[in-house]
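Scroll down for the structure; my scribbles are underneath it.
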Amino acid sequence: MKLLVDVGNTRVKWAWLAGGELLDPGTLAHAGLGADVLAARIAAGRAAAEVRLASVAGIGFTAALDAALGRATGVPVRRVHTSRAAAGVRNAYTEPRQLGVDRWLAMLGAYARLRSAVCVVDAGTAWTVDLVDANGDHLGGLIIPGPELMRRSLVGATGGIDTAVRLLPDATAGVAAWGRDTEACMRSGAQRAGVSLVESSVRDFAQLQAVTPALVLTGGDAPGLLAMLTVPAQHRPWLVLEGLALAEAGDAG
């Protein structure tokens, strides 16, 4: 079996690939965990014929985890990067590797599954939106801070507000019409900003392309986003790993 590992800014996700299926997926926040401890949790003492790693984390952390996974599995780790084209998708970036590998792999996974126009949203620490037409051409994307990061940025830039506001995790049951205290106002404002970005992206794509794209969500904030949307969407929590299953090492195709 092949071990697939997706390292984000906050969490690492992994799964085993056998017969084209993702088996035993897992996820873990990696803050404060040593590379060897994390690698042991991921590998779980199982034999791997190949290890594929895609990472948007820092260079030092990624290198340490790469080496630790090699020790834990006994096989060299094959790093996957963004390329100009792979799995039927063509990258819109002038410099392909400037596109985050997580965004790239999410597009590959969504397009391969649906073979239609797609709007791919990775709702994590940052929220990214990428649009792919029915022919597999990536039209470009958008990036904003996620709602929690928006609120923290506002607190950090506003003197005095930090002593009056408790930054609670984002709600997942929808957005209240109006906030009636400062924390609620920031929460609802940040959530509405994210929802508006996603829905306007789908609407603008439909107007420009004369077809409504399938909206595919992934990332830690995806369940909450799904509850707030007024347009149809599907949640694929392991979408980056689905794309990693399609990609090759090195230039990802």
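Quick look at the values:
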{"read-out": "Of all residues in the range 31-47 being among the charged types (D, E, K, R) and within 19 Å of Leu241 (Cα to Cα), the one that is farthest from the chain's Cα centre (by Cα)", "value": "Arg46"}
{"read-out": "Those residues of the range 3-25 which are in a strand (DSSP E or B), at negative phi and either among the polar types (S, T, N, Q) or free of Cβ contacts under 8 Å to residues at least 60 places away in the same chain (or both), in sequence order", "value": "Val7, Val12, Trp16, Ala18, Glu21, Leu23"}
{"read-out": "Lone qualifier among Ala176, Ala184, Ala252 - being aliphatic (A, V, I, L, M), assigned to a loop (DSSP other than H, G, I, E, B), over 30 Å from Arg97 (Cβ atoms) and modelled with pLDDT under 95", "value": "Ala176"}
{"read-out": "Those residues of the range 133-156 which are hydrophobic (A, V, I, L, M, F, W, C), assigned to a strand (DSSP E or B) and over 17 Å from Ala85 (Cα atoms), in sequence order", "value": "Leu142, Ile143, Ile144"}
{"read-out": "Candidates Leu28, Leu69, filtered to the one that is part of a strand (DSSP E or B), of a type in the set (A, V, I, L, M) and under 21 Å from Gly243 (Cβ atoms)", "value": "Leu28"}
{"read-out": "Any chance Thr82 is among the polar types (S, T, N, Q) and surrounded by fewer than 23 Cβ atoms within 10 Å (Cβ to Cβ)", "value": "no"}
{"read-out": "Breaking point among (1) at pLDDT 85 or above; (2) over 12 Å from the mean Cα position of the chain (by Cα), for Leu168", "value": "(1)"}
{"read-out": "Residue list for the range 127-143, filter: of a type in the set (A, V, I, L, M) and either more than 15 Å from the chain's Cα centre (by Cα) or surrounded by fewer than 17 Cβ atoms within 10 Å (Cβ to Cβ) (or both)", "value": "Val132, Ala134, Leu139, Leu142, Ile143"}
{"read-out": "Test: residue in the range 114-126 that is among the charged types (D, E, K, R), surrounded by fewer than 17 Cβ atoms within 10 Å (Cβ to Cβ) and assigned to a strand (DSSP E or B)", "value": "no"}
{"read-out": "Flag for Asp130 being modelled with pLDDT of 95 or more, outside the structural domain of Val37 (by TED's automatic domain parsing), acidic (Asp, Glu) and in a helix (DSSP H, G or I)", "value": "no"}
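Here is a yes/no grid of residues against (1) loosely packed, with under 15 Cβ neighbours inside 10 Å; (2) free of Cβ contacts under 8 Å to residues at least 40 places away in the same chain; (3) farther than 27 Å from Leu23 by Cβ; (4) touching a Gly at 6+ places or on another chain (Cβ under 7 Å):
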| residue | (1), (2), (3), (4) |
| --- | --- |
| Ser196 | yes, yes, yes, no |
| Ser201 | no, no, yes, no |
| Val211 | yes, no, yes, no |
| Ala214 | no, no, no, no |
| Gly220 | no, no, no, yes |
| Met228 | no, no, yes, yes |
| Gln234 | no, yes, no, no |
| Gly243 | no, no, no, yes |
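The values are calculated or read from the model by the stated rules, or taken from the named source; none is laboratory data. All figures in this text were calculated on a predicted structure; none of them were measured in a lab. Cβ: placed from backbone, ideal geometry, glycine included. Neighbour counts: every protein chain shown.
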